[in-house]
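Have a look at the structure below before the remarks.
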Amino acid sequence: MSIYVWSMSLNILKLCVGAESLDDLQIWSEQRLAQMVASKVEVQLFHTTRMVPKRIDELLNGGSLFWVIKGQIQARQKLVDIRPFVDSEGIRRCKLMLGNEVIPTQWHPKRAFQGWRYLKGEEAPNDLGQDETALPVQLRSDLAELGLL
């Protein structure tokens with residue numbers, strides 16, 4: 001049973017390139033946070049993207065960045081700020097400032113795409129309950145492949 005039923009927030013959907021599993025994303029996040037603490041810089045995760053969202057107010061009103069890992073939406077991180085900037089090459093980009101917690105969600109299949117997409121709240125998968133996160137990753141993967149998750 002899900003512990004959180006998603007609100008009607010606007011969210012962002014993004015491929016988690018390089019991650020083989022939810023564990024990879026969680027380990028990467030923990031390592032980045034530890035590096036930030038050691039470097040004595042602002043301790044907040046972010047993802048840099050080239051396209052700046054136009055619907056910033058809607059995204060920051062309870063929205064999250066949902067991660068697609070191996071063809072499945074598997075997790076989300078709360079969007080806490082969106083910071084447009086111009087990089088050293090003069091290219092406009094933005095930092096999607098994220099909550100430090102990676103929250104597992106119900107798995108939902110999603111084909112590969114470039115960049116990011118908006119994800120309406122009613123289309124976003126619910127967070128997983130404790131009993132659901134207890135399933136081994138391979139079993140969850142097999143069940144998802146069979147369409148049972």
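The values are calculated or read from the model by the stated rules, or taken from the named source; none is laboratory data. Keep in mind that what you see is a predicted model, and the values were worked out from it rather than measured. Glycine gets a Cβ as well: all are built from the backbone with ideal geometry, and neighbour counts include every protein chain shown.
In this entry, Met8 passes the filter for residues that are under 15 Å from Asn126 (Cβ atoms) and surrounded by fewer than 13 Cβ atoms within 10 Å (Cβ to Cβ). Look at region 17-28: where a residue is farther than 12 Å from Val68 by Cα and a partner is in a helix (DSSP H, G or I) and among the aliphatic types (A, V, I, L, M), sitting 6+ places away or on another chain with Cβ atoms under 8 Å, you get Asp23/Val137.
Kindly indicate whether Met36 is modelled with pLDDT under 95, not in a loop (DSSP other than H, G, I, E, B) and not charged (D, E, K, R).
Taking the combined requirement at face value, the residue satisfies it.
Going by the conditions given, is Arg76 at pLDDT 95 or above and crowded, with 16+ Cβ neighbours inside 10 Å?
yes
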